[in-house]
Each structure stands twice: as structure tokens, then as C-alpha cells.
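First comes the structure, then the notes that go with it.
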Amino acid sequence: MRVVLDTNVILSGLFWQGPAHAVLGAAAAGRFETFTSPALLDELEGVLEVDFGLSLAETAEVLSLVLSFSGVVEDGGSVPVIPRDPDDAVVIACASRSDADLLVTGDRDLLVLREIGGIRILGVRAFLDHLGRVGRA
């Protein structure tokens, strides 16, 4: 199963215990393939430094962790749907370029779409439920 984790899921998983933390643990354990892009990594880097106040070294450590369980696809490509929030085009493009099966997000603007170009969009809890069903199959 090929999955793109939105930046908000990664941040939640890093800084708080809960469902997103379980998703990151499952990704690190190799329970599914995870993909990101340079644009998503740049977004993560900026949020870590500006919003969370991490140092350059701490940010580099987090990026290294994400890269340890994520494949990287090139930026660009067409976006099958124009999202309500233009900033969401980056994560949609990554999901499209990586031929993802699922996009996992906490972003309501994406969640209302439910699917884009054959890629299902799930919230964190729904993804954990899905992962549990796949694991039992």
C-alpha cells in the first residue's frame, strides 16, 4: 500500500501521542510504503523551525527520520482537482506522482474530497482502521 502523509499528520505524530503517532510508528515499521516530495519536506522544515522553534540540527534530525521511511518523488505534475486551499496542491501532486493508494491528512479541505484521481483521502483514525483491516486480511 502506497501512502502520502500530509505534513499535519507528521507533525502531530512527532509532537503528540495519539493516532498520528501510531501512524508514524507503522510507517517506520514498514507496514506501508510512504512517499514525500521536496516541496513537502520544505514545508515540514519551515513549520518545524518557525512554528515549533526547532534548531537547524533538530530539524535536520526530524527530516532524516522522515526520509528513513519515505521514498521521495519529484515535485510537479498535474493536480487532478483544484483544491479549495491552493496550498494543498503540493500534497495532492505528491500523491499523484507517487501513484499513492491513500493520502492521509487532518486537513478538512482535503478530507471533504474523499478521493482525487483514484487516490482515497482518509483521516488518521480512518487510516488506522483501514490498516488494521489490511493487516488482518
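The values are calculated or read from the model by the stated rules, or taken from the named source; none is laboratory data. What you are looking at is a predicted structure, and each value in this text was computed from that prediction instead of being measured. All Cβ positions, even for glycine, are placed from backbone atoms using ideal geometry, and neighbour counts span all protein chains on display.
Data table
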read-out	value
Sole residue being in contact with a Phe, Trp or Tyr (Cβ under 9 Å, 6 or more places away or on another chain) and either under 23 Å from Leu14 (Cβ atoms) or of a type in the set (Val, Ile, Thr) (or both), chosen from Ala57, Ala95	Ala95
Pairs with Cβ under 8 Å, 6+ apart, first in the stretch 22-43 and free of Cβ contacts under 8 Å to residues at least 60 places away in the same chain and more than 15 Å from Phe127 (Cβ to Cβ), second surrounded by 18 or more Cβ atoms within 10 Å (Cβ to Cβ) and among the hydroxyl-bearing types (Ser, Thr, Tyr)	Thr36/Ser70; Leu40/Thr7; Glu43/Thr7
Residue, nearest to the chain's Cα centre (by Cα), within the stretch 25-53, restricted to residues that are closer than 17 Å to Ala95 by Cα and in a helix (DSSP H, G or I)	Leu40
Test: residue in the stretch 59-72 that is exposed (fewer than 12 other Cβ atoms within 10 Å of the Cβ), part of a loop (DSSP other than H, G, I, E, B) and modelled with pLDDT of 95 or more	no
Test: Arg84 is touching a helix residue (DSSP H, G or I) at 6+ places or on another chain (Cβ under 8 Å) and of a type in the set (Lys, Arg)	yes
Search result, residues across the stretch 91-137 that are at pLDDT 90 or above, more than 15 Å from Thr34 (Cα to Cα) and charged (D, E, K, R)	Asp107, Arg108, Asp109, Arg114, Glu115, Arg125, Asp129
Selected residue (criterion: nearest to Leu40 (Cα to Cα)) from residues of the stretch 84-126 that are of a type in the set (Gly, Ala, Ser) and assigned to a loop (DSSP other than H, G, I, E, B)	Ser98
Single residue of His130, His21 found to be in contact with a helix residue (DSSP H, G or I) (Cβ under 7 Å, 6 or more places away or on another chain), assigned to a helix (DSSP H, G or I) and within 16 Å of Leu5 (Cβ to Cβ)	His21
